[in-house]
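**Student:** Okay, handing you the structure first.
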Amino acid sequence: MRMTIPNLLTITRLIAAPMVAVMFLYFTRPYADWFALILFVTAAVTDWFDGYLARAWKQETKLGTMLDPIADKAMVVIALMVIIGFSSWSPWLVLPATVILFREVFVSGLREFLGDTAGTLKVTVLAKWKTTLQMVAIAVLFSHGVFEHYLGMSAWGMDQTMVDAVFAGAEPDLQGLRWKHMAMEWAGSIGLTLLWIAAALTLITGVDYLMKAMPYLKDDDK
């Protein structure tokens with residue numbers, strides 16, 4: 001077992017996955033959102049670098065091949081769990097997240113069952129796009145939490161009438177409520193849209209893997 005720089009990056013990403021959730025245990029919001037966002041984006045960037053460096057330096061190892069998909073799944077699953085846990089549990093968020101989580105468990109079970117023939121389920125280009133979209137969507141959704149809490153902090157002490165007057169332009173927007181609200185709405189809409197697209201790709205790739213595994217799931221004729 002060789003401990004190369006690409007492997008160290010993969011291990012760092014694996015450790016960073018649960019740390020995203022830990023941020024919300026030790027920091028108040030929006031600081032927890034900021035730290036989780038920075039940690040998640042940094043870890044996601046290493047996902048590209050470790051694979052690129054492993055191929056460029058010819059340092060592809062069995063350890064890296066095994067840990068890389070685990071780190072990706074851990075990042076996505078834990079981040080989605082955190083986002084859902086600190087959101088309003090909107091079905092528009094829960095449904096695509098459920099599709100993504102179900103597919104990851106299902107494909108992992110397929111690979112475990114196939115054992116030595118799990119190479120049949122090699123990662124496809126579409127699956128890589130799926131992972132990229134998932135990570136971008138999650139990063140944008142974390143930024144939604146940042147804007148949401150800065151908006152709440154800026155409106156602290158204002159009654160609803162005052163807030164409505166600021167949004168209507170009847171009162172000066174000294175706290176920047178309008179741009180923070182717009183940023184929050186855009187981040188939420190873009191994040192959800194990307195998550196739904198990622199969920200669709202997740203479903204497609206899951207069905208593709210199932211079709212490839214079907215010949216190995218048939219009982220032998222007696």
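The values are calculated or read from the model by the stated rules, or taken from the named source; none is laboratory data. Computed from a prediction, not measured in an experiment: that's the story for all the values here. Reconstructed Cβ throughout: ideal geometry from the backbone, glycine too, with neighbour counts over all protein chains shown. These area figures cover heavy atoms from the full protein model, side chains too; ligands, DNA and RNA do not enter into them. Shrake-Rupley method; radii C 1.70, N 1.55, O 1.52, S 1.80 Å.
**Student:** Against the condition in a loop (DSSP other than H, G, I, E, B) and at pLDDT below 85, how does M1 come out, does it pass?
**Tutor:** yes
**Student:** Would you be able to say whether some residue in region 196-210 is more than 26 Å from V82 (Cβ to Cβ), out of contact with any Pro (no Cβ under 9 Å at 6 or more places or on another chain), aliphatic (A, V, I, L, M) and without any contact (Cβ under 8 Å) to a residue 24 or more places away in the chain?
**Tutor:** Taking every residue of region 196-210 in turn, at least one turns out to be more than 26 Å from V82 (Cβ to Cβ), out of contact with any Pro (no Cβ under 9 Å at 6 or more places or on another chain), aliphatic (A, V, I, L, M) and without any contact (Cβ under 8 Å) to a residue 24 or more places away in the chain.
**Student:** Among the numbered criteria (1) farther than 30 Å from D33 by Cα; (2) over 23 Å from the mean Cα position of the chain (by Cα); (3) open to solvent by less than 60 Å² (accessible area, probe 1.4 Å); (4) hydroxyl-bearing (S, T, Y), which one does T205 miss?
**Tutor:** Just one mismatch for T205, condition (2).
**Student:** Please name all residue pairs, on different chains or six or more residues apart, with Cβ atoms under 9 Å, provided the first residue is in region 167-193 and is closer than 14 Å to Y150 by Cβ and without any contact (Cβ under 8 Å) to a residue 24 or more places away in the chain and the second residue is open to solvent by less than 80 Å² (accessible area, probe 1.4 Å) and of a type in the set (S, T, N, Q).
**Tutor:** Q175/S154; G176/S154
**Student:** Further question on the same structure: State which residue is least open to solvent (accessible area, probe 1.4 Å) when the search covers only region 95-108 and only residues that are at pLDDT below 90 and among the aliphatic types (A, V, I, L, M).
**Tutor:** Looking at the filtered set, the residue picked out is V107.
**Student:** Looking only at region 67-101, count how many residues are part of a loop (DSSP other than H, G, I, E, B) and more than 22 Å from A16 (Cα to Cα).
**Tutor:** 3
**Student:** Condition check: out of contact with any Gly (no Cβ under 6 Å at 6 or more places or on another chain), open to solvent by 90 Å² or more (accessible area, probe 1.4 Å) and over 16 Å from A79 (Cβ atoms). Does W34 satisfy that?
**Tutor:** So W34 fails the test.
**Student:** Which residues, taken from region 7-66, are at negative phi and in a loop (DSSP other than H, G, I, E, B)?
**Tutor:** F27, T28, R29, P30, W57, Q59, E60, T61
**Student:** If the Cβ limit is 8 Å and pairs must be 6+ apart or interchain, which residue in region 59-85 that is closer than 22 Å to P6 by Cβ and open to solvent by 50 Å² or more (accessible area, probe 1.4 Å) pairs with which residue that is part of a helix (DSSP H, G or I) and among the aliphatic types (A, V, I, L, M)?
**Tutor:** Once the first residue is closer than 22 Å to P6 by Cβ and open to solvent by 50 Å² or more (accessible area, probe 1.4 Å) and sits in region 59-85, its partners that are part of a helix (DSSP H, G or I) and among the aliphatic types (A, V, I, L, M) give E60/A54; I70/L14.
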